[in-house]
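Here the structure is laid out as structure tokens; the discussion comes afterwards.
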Amino acid sequence: MRPIRPEGILFLALAGLAAALRFPALAARPMHADEAIHADKFGSLLEGGGYAYDPSEYHGPTLYYLTLLPAWLQGRGRYVEIDEATLRAVPAALGTALVAAHLGTRAFLGLSGAAAAALLAAISPAMVYYGRYYIHEVPLVAFGFGALLAACGYLRRPGAGWALLAGGCAGLMLATKETAPLALGSLVAALAATGLAPPRPGEAAPPRPLPGRILRDALLALLAATVVSLLLFSSFLGRPGGVVDAVRAYGFYLERATAASWHIHPWHYYLGLLSWFPAWGTPVWTEGLILALAVVGGASGWVGWAVPGLDPRVLRFLGLYTLLLLVVYSAIPYKTPWCLLGFLHGMILLAGAGAVVLVRSARRRATRALVGVLLAAAAAHLGWQSYSGSFPFAADPRNPYVYAHTGTDVFAVVERLEDLARAHPAGPAMPLQVVSGENLWPLPWYLRGFTRVEWWTGVSEEARSAPVVVITPDMEPALVRKLYDLPPPGERELYVGIFDRVVELRPGLELRGYAAGGLWEDYRRGEPAPPAPAPPEASR
């Protein structure tokens, strides 16, 4: 058996650091509404319902198919059996693998630049925070990195193998999220501009394949992307209509990208999140180190700073790709913070080169040591932000990456409902009505263990009231009328508030709960409820 080479050990250690920030306490943060919706979609696939692509509401299937692996490894075949850790282990594992994969950048960043980029990817607060999120962004970035590595390899040594790899990764990107064409378009444009540009003074002429070979490689990449994405969108040919829906999805995305909504933000929104996000009582939130080093690394590809290990032509390609992607995302009015991961990772690759340039440009040993100390201190601050953002401030609005997030009150809501179910003869089959015109996700995720939940958009005066009702305040007058005004005297049942304080599903969205008086008394006494009698048909 061959011993592991020192560089292999280095990148394993960096991957270990990434894992240490991504895997612990995956279930501690409340589920975001988007996470819960994706979990519900995965539950259908897990229970044998297959995958049916919905172009108007959901993203591509790769995240769901990948989640089958941890679910199967744990022997879980039902939706109610999976938990947050099962789901979030997928982006955590992909984020860790992404860090290790920076070993592949040695050919154009050198060992030092590749290690610096891997370190920044491991400790970037945004990369860590969303690396613990059950959404499609980290898989999109991971597959995009594969396409980037293949494109860089093609620039250095054109060949069919790189084209097929790039196409396969592009197909995975397309089957992950509708924003994939933004990254792929930026990649192709940057690749074409770099490949067609003449070498700069002092640079060796790159290999230039014949036009016919370029066309062949482009067709191979297109074929690989098409085959991979069609297989996934069609549920491995089981649902051919998914292919048509995959095309229709871009119409929905374009409509949503420009429609008025509270997701509309100014062009500098992403740069503001990364550069400076002041919040009282929290760490200083900034990824300014990455931004500054990325500028240095990108500039080094143009100004002729000769640094061993750094390929200036590839740096120009990475710089163009990152800038194009940043401009495109910034120009789209509809913005959500996790979308910044794509160009942030491009910045991280450039920042790895920038760190090497800064250290090598210091001629004196003392100056070089000072630069190293400053970089290490700034990196430590990034690591502290990553820990703080993913643990103490994981659901705190003062965290720049917390966006429309569920508050920790949801745990108190679910705990009280479970306590009431234990006091009810039917247990988890206790009837429960949830009444609201608001979007109450991720509440359906947290109530997945209750088998008789009714979801209403308004109070029904004809339907029988469940022993427990959860409502939003705007529905309370209608509930009071149903419980106390409509029933004749002697037929009114007292309902008691079940929360002893104000609870919110997320900031500004209050929940109120009421339980029938008899059930509430049983709960307060703490006595286990007697089992419900079996229905006549079950007793025969």
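The values are calculated or read from the model by the stated rules, or taken from the named source; none is laboratory data. Here the structure is a predicted model, which is why all the values come from computation and not from measurement. Positions of Cβ are backbone-derived with ideal geometry, glycine not excepted, and every protein chain shown enters the neighbour counts.
Which number in (1) buried (at least 20 other Cβ atoms within 10 Å of the Cβ); (2) polar (S, T, N, Q); (3) in contact with a Gly (Cβ under 7 Å, 6 or more places away or on another chain) marks the one condition that Ser436 misses? For Ser436, the exception is condition (3).
Would you confirm, using the coordinates I've provided, whether Arg213 is among the basic types (Lys, Arg), in a helix (DSSP H, G or I) and under 29 Å from Tyr51 (Cα atoms)? So Arg213 fails the test. Among the residues making up the range 467-478, those that are touching a strand residue (DSSP E or B) at 6+ places or on another chain (Cβ under 6 Å) and under 15 Å from Ser436 (Cβ atoms) are Val468, Val469, Val470, Ile471, Pro473, Met475.
Note on the range 326-347: residues that are more than 18 Å from the chain's Cα centre (by Cα) and crowded, with 24+ Cβ neighbours inside 10 Å total 1.
Please find, among Arg248, Arg239, Arg200, the residue that is in a helix (DSSP H, G or I) and assigned by TED's automatic domain parsing to the domain that holds Ser124. Let's see the steps before the verdict.
Working: Arg239 fails: in a helix (DSSP H, G or I); Arg200 fails: in a helix (DSSP H, G or I).
Arg248 is the lone residue from the list that is in a helix (DSSP H, G or I) and assigned by TED's automatic domain parsing to the domain that holds Ser124.
State which residue is nearest to the chain's Cα centre (by Cα) when the search covers only the range 40-63 and only residues that are hydrophobic (A, V, I, L, M, F, W, C) and within 22 Å of Met173 (Cβ to Cβ).
Of the residues in the range 40-63, the ones hydrophobic (A, V, I, L, M, F, W, C) are 42, 45-46, 52, 63.
Then keep just the ones that are within 22 Å of Met173 (Cβ to Cβ); that gives 42, 45, 52, 63.
Numbers: Phe42: 15, Leu45: 19, Ala52: 21, Leu63: 10 Å.
Looking at residues that are hydrophobic (A, V, I, L, M, F, W, C) and within 22 Å of Met173 (Cβ to Cβ), I get Leu63.
Pairing residues of the range 416-443 that are not assigned by TED's automatic domain parsing to the domain that holds Asp500 and outside any helix (DSSP H, G or I) with residues that are modelled with pLDDT under 95 and not polar (S, T, N, Q), at Cβ distances under 8 Å and at least 6 apart in sequence or on separate chains, gives no pairs at all. Tell me, please, whether a residue that is buried (at least 17 other Cβ atoms within 10 Å of the Cβ) and either out of contact with any Cys (no Cβ under 9 Å at 6 or more places or on another chain) or not in a helix (DSSP H, G or I) (or both) can be found in the range 359-367. For the range 359-367, residues buried (at least 17 other Cβ atoms within 10 Å of the Cβ) and either out of contact with any Cys (no Cβ under 9 Å at 6 or more places or on another chain) or not in a helix (DSSP H, G or I) (or both): present.
Only one of the listed residues (Pro283, Pro207) is over 23 Å from the mean Cα position of the chain (by Cα), assigned by TED's automatic domain parsing to the domain that holds Thr194 and not small (Gly, Ala, Ser). That residue is Pro207. Those helices (runs of 4 or more DSSP H) of the range 59-176 in which at least 2 residues are surrounded by fewer than 24 Cβ atoms within 10 Å (Cβ to Cβ), considering only elements entirely within it, cover 62-73, 84-100, 106-123, 137-156, 160-174.
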